[in-house]
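Undergrad: The following block contains the structure, expressed as structure tokens.
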Amino acid sequence: QLQLVESGGGSVQPGGSLKLSCVASGFSLDYYTLGWFRQAPGEGHEAVSCISGVDGSTFAADSVKGRFTISASNARNTVYLQMDSLRPEDTGVYYCVADQAGMDVRTMCGTVLHDYWGQGIQVTVSS
């Protein structure tokens, strides 16, 4: 009964903002490394940002550095992705992912093999 459920997606104009949330059920973030991946139409999964639920360390892809911020509330068992200055190329389905503790955040963002995946949520940036 382990689940990751994303919310907060939608459609925005370029330069706009969205905040994604991912609620984990059935396990505690305290012992996991978590992240956000996205998939543009016709493309593979691309790492966006990752965070350690153990010590809070983070990693962000170059394409989103300075624009997106990942955070986590262990008490709420929730991971967030604040997305600012959105661009059309940010469009895609965003997935929350999780792996059991021990994986470095940079390593986690370097692979598409993860223990748990959310269902994905659409983000569309267009004018």
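The values are calculated or read from the model by the stated rules, or taken from the named source; none is laboratory data. These numbers were taken from a predicted model, which means no experiment stands behind them. Counting neighbours? That spans all protein chains shown, and the Cβs are built from the backbone with ideal geometry, glycine included. Accessible surface areas use protein heavy atoms only, side chains included; no ligands, DNA or RNA. Shrake-Rupley method; radii C 1.70, N 1.55, O 1.52, S 1.80 Å.
Undergrad: Remind me, relative contact order of the chain in percent, using alpha carbon pairs under 8 angstrom and six or more residues apart?
TA: Numbers: 331 pairs, mean separation 45.1, N = 127.
With pairs under 8 Å counted, the relative contact order is 36 percent.
Undergrad: A further question on this structure: Got a sec? Charge dipole of the chain, +1 on Cβ for Lys and Arg, -1 for Asp and Glu; which of HIS45, SER25, THR124 is way out at the positive end?
TA: THR124
Undergrad: Please compute the Kirkwood hydrodynamic radius of the chain from all pairs of different C-alpha atoms, in Å with one decimal. Kindly include the intermediate steps, with their values, before the conclusion.
TA: Numbers: mean 1/r = 0.0704 Å⁻¹.
Hydrodynamic radius (Kirkwood, Cα only) of the chain equals 14.2 Å.
Undergrad: Same structure, new question: Would you calculate the separation in nanometres between label points at GLN122 and ALA40, each defined as 7 Å from the Cα along the Cα-to-beta-carbon direction?
TA: That separation, rounded to one decimal, is 1.8 nm.
Undergrad: Work out which trypsin sites (Lys or Arg not before Pro) in the chain are exposed loop sites (DSSP not H, G, I, E or B, at most 13 other Cβ within 10 Å) and give the longest gap free of them.
TA: Values: sites that count: LYS65, ARG76.
Of all site-free stretches, the longest is 1-64.
Undergrad: In the full protein assembly as shown, how much of MET83 is accessible to a 1.4 Å probe, in Å² to the nearest 10?
TA: 0 Å²
Undergrad: Moving to a separate point now. Counting only protein heavy atoms and a 1.4 Å probe, tell me what percentage of the range 1-118's accessible area is made up of carbon and sulfur. Numbers along the way, then the final one.
TA: Details: 2650 of 5700 Å².
Within the range 1-118, the accessible surface is 47 percent carbon and sulfur.
Undergrad: From the phi angles alone, apply the Karplus equation (6.51, -1.76, 1.60; θ = phi - 60°) to the range 7-13 and give each ³J(HN,Hα) in whole Hz, x where the residue is Gly or Pro.
TA: Once θ is set to phi - 60°, the couplings for the range 7-13 become 8, x, x, x, 10, 9, 7 Hz.
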